[in-house]
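First the structure, in the form of structure tokens, and then the observations on it.
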Amino acid sequence: MALRPGRCYREINKPSYTRKEYVRAVPQPRVVHYVMGNTATEFPVEYHLVSKTDCQIRHNALESARIAGNKFIQRECGRLGYKFHIRVYPHQILRENKMAAGAGADRISDGMRLSFGKATGTAARVRKGQEIITISTTVEKANIAKEALRRCSMKMPTACKIELRKGKDLVKD
């Protein structure tokens, strides 16, 4: 069965469900690396991708945002010119009750009310104002970091804003 759209899971409408020891076969998050680039250097400028609403971000959306942003900033700044940090982890277990689909399934497609479902993925619960991704870089590459975060925000299921938290006196927007 195909992957459901992100809009099916982005609202926080159920209690938190994170106890993996009680659930069989929870898929591993697709996010490969949470910190990339030059982790040893302290950079003077720091941009953050901040959520505007409460939502859930699926692990595959986080991974696609990581790929889009990291590929752009690595091409522009080089391997050691930045630090890219994903600040949320997909703890929330997503469940899906698979129902019959296709020809002749209209009589049995209602399903069972409040059925538990099978674990299909994980998501990160994000609150309004929470930092999702952080990019640190030099003053000269500040606009490139901002563009990389803009590209990351296109992959998110919620509206995001880009905030400069460190180095405000150094960067002229």
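Numbers for the structure displayed
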{"read-out": "Sequence-separation-based contact order of the chain, relative, with Cα cut under 8 Å and 6+ spacing, percent", "value": "38 percent"}
{"read-out": "Per-pair calculated FRET efficiency, R0 = 25 Å: His91 and Lys118 via Cβ, rounded to 0.05", "value": "0.90"}
{"read-out": "Geometric extent, Cα atoms of segment 1-94 - Rg, Dmax (angstrom)", "value": "15.8, 47"}
{"read-out": "Folded to 0 to 90 degrees: helix 142-153 orientation relative to the chain principal axis, Cα", "value": "0 degrees"}
{"read-out": "Length released on extending from Asn143 to Val32, taking residue separation times 0.36 nm less the Cα-Cα span", "value": "37.4 nm"}
{"read-out": "Lys166/Leu3 FRET efficiency (R0 35 Å; Cβ-Cβ; nearest 0.05)", "value": "0.45"}
{"read-out": "At R0 = 22 Å, FRET efficiency that the Cβ-Cβ distance of Lys71 and Thr41 yields, to 0.05", "value": "0.60"}
{"read-out": "Expected-Rg normalisation [2.2 N^0.38 Å, Cα atoms] applied to the chain", "value": "1.22"}
{"read-out": "Greater than 29 Å apart at Cα, pairs in Lys52/Lys166; Lys128/Lys166; Lys20/Lys161; Lys52/Lys141", "value": "Lys20/Lys161"}
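Read-outs throughout are calculated quantities, based only on the coordinates presented, and are distinct from any laboratory measurement. These figures come from a predicted structure and were not determined experimentally. Backbone-built Cβ (ideal geometry, glycine too); neighbour counts: all protein chains shown.
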